[in-house]
Amino acid sequence: MKKSDQLTEFKLPSKVGLSTTFTKTLEFAPTSEKKLHSSTKGKVQNEKLAALMAYRKAKGLCYKCGSKWGPQHTCLDSVSLNIIEEVWQMISDETMPSATTQEDSDSGEDLMAISTHAVQGTTSSKTIRLDCHILKNKAVVLVDSGSTHNFIREQLAALKPNWKLLEKPLQVRVANGSILTCTHEVTDCPWLIQGHQFHTTFRILPLQCYDAILGMDWLEQFSPMEIQWAQKWLTFHYQGEKVKLQGLTNSISSLLPVSGDQLLAMLKQDDIWCAVQVYALDSSTSQADTSIPPTMQQLLDKFSVIFAEPSGTPPVRCINHSIPLLPGTQPFRIRPYRYTPAQKDEIEKQVAHLLKHHMIQRSNSPYASPVLLVKKKTGEWRLCVDYRRLNAFTIKNKFPLPIIEELFEELFGAKWFTTLDLRSGFHQILVDLQDQYKTAFQTHSGHYEYKVMPYGLTGVPATL
């Protein structure tokens, strides 16, 4: 059978003296076209469902039955006809042939387009942003020559009742190639700007950034008009007088402070697009803010040794960190991990720093644990040794936890508290000479062992 064949007859064996003939129409379409149609169909239905849910939420209606919702609401066994019509419109599929669809899409009324600036919330040299009020709500409207029709956001359109259901869903093509679906429109929608009131018909789309889009449909309605795209203003004649609309500019001359109540009010009205934290660049102001009070500076100078970066090995104290092993433990050597060139450079840098400050030393120990880099919250790297094998053979410290009430009693009468933390606190405690060889670690460039207490050893909290 050839692909050009459109009708195929199937004859089944006769049964009870009857012969049955089935005629089936075969339509051959590429698999890619079927998948594209299926994905577009699912996306359209999801957008319709989202629009329906947003409309019912704004009107205070039940998501399921469409009736007025309340704390004691119970869905009825039967629903009204208009609810069935909404659901039917949402799930209905276009069953017309592709040729008819192509003819409809070529007509001027069905061909709709919207620019990427309108969808993404950006501006260009051929757009003007207007600050206005739509349905008594503050809104930002984009005058866009790259959009063919007027569009409005779903959440804003939900404030106006009696949406008009289109005879069939219309597809709006975005400049980047994606498709948006329009199923309703708002007719004769009033909006006020700079003392002038207009009534415009908007198609409803799931816009995310701008509240409404004024496309070529609106620009042609009031033509001829004069537009200065650079200075962001336009003039035209409306109701017998000349109207000039000044758009929003990107230049900001000053920043005015707002109170907490004003910020909350703007948040409720959905007037906040983004939050930006601004720092002063004045050098004199920066130096004044970072200056240290004289009394605090005297304290820092008096104890400068404490606040200085530790260098060299710490002094010998009565308590050093020891690593007792289980009886019969045999030395082990674990080969190092694989590292990227950047990680190798970082390991070599940190090993050189530790050698310079005499915190580690070269080793011939029979033990060898691998090292790894762990990123800090500040973005820097911390050199850690994988001591899991050594910890498994170490005798664990077991002692009761201190009583918290007794610790609080020790603070009785104290008035000053600080969050001062020791810099490199682990490295300010020595490891017993007889146990230093157990801390040996292997890198791609050499074999070393710690002279001070490293990270990752079991029993460290007991020593601290």
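The values are calculated or read from the model by the stated rules, or taken from the named source; none is laboratory data. Just so we're clear, the structure is a prediction, and the values are computed from it rather than from any experiment. Methodologically, a virtual Cβ is constructed for each residue, glycine included, from the backbone with ideal geometry; neighbour enumeration extends over all protein chains shown. Note: areas computed on protein heavy atoms with side chains; ligands, DNA, RNA excluded. Shrake-Rupley method; radii C 1.70, N 1.55, O 1.52, S 1.80 Å.
Quick notes
- Single condition Q343 does not satisfy, out of (1) open to solvent by 90 Å² or more (accessible area, probe 1.4 Å); (2) more than 21 Å from P310 (Cα to Cα): (1)
- The set of residues in the stretch 213-231 that are under 36 Å from the mean Cα position of the chain (by Cα) and among the charged types (D, E, K, R) contains only D217.
- For the criterion of being in a loop (DSSP other than H, G, I, E, B), among the aromatic types (F, W, Y), under 33 Å from the mean Cα position of the chain (by Cα) and modelled with pLDDT under 80, Y210 fails.
- Residues (under 16 Å from A352 (Cβ atoms) and in a strand (DSSP E or B)) located in the stretch 430-448: F441, H447, Y448
- Tally, over the stretch 152-191, of residues that are under 18 Å from L214 (Cβ atoms), within 28 Å of the chain's Cα centre (by Cα), part of a strand (DSSP E or B) and not charged (D, E, K, R): 5
- Meets criteria (over 26 Å from N46 (Cα atoms), modelled with pLDDT of 85 or more and either within 30 Å of the chain's Cα centre (by Cα) or not hydrophobic (A, V, I, L, M, F, W, C) (or both)) for H149: no
- Every pair of residues 6+ apart whose Cβ atoms lie under 6 Å, when the first sits in the stretch 217-245 and is free of Cβ contacts under 8 Å to residues at least 24 places away in the same chain and under 14 Å from I193 (Cβ atoms) while the second is acidic (D, E) and open to solvent by 50 Å² or more (accessible area, probe 1.4 Å): T235/E226
Conditions (1) in contact with a Leu (Cβ under 6 Å, 6 or more places away or on another chain); (2) surrounded by 10 or more Cβ atoms within 10 Å (Cβ to Cβ); (3) modelled with pLDDT under 90, marked per residue:
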residue: Y387; (1), (2), (3): yes, yes, no
residue: A392; (1), (2), (3): no, yes, no
residue: N397; (1), (2), (3): no, yes, yes
residue: P400; (1), (2), (3): no, no, yes
residue: F408; (1), (2), (3): no, no, yes
residue: F412; (1), (2), (3): no, no, yes
residue: W416; (1), (2), (3): no, no, yes
residue: F426; (1), (2), (3): no, yes, yes
residue: V431; (1), (2), (3): no, yes, no
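- Among the residues making up the stretch 333-356, those that are in contact with a strand residue (DSSP E or B) (Cβ under 9 Å, 6 or more places away or on another chain) and outside any helix (DSSP H, G or I) are R333, I334, R335, P336, Y337, Y339.
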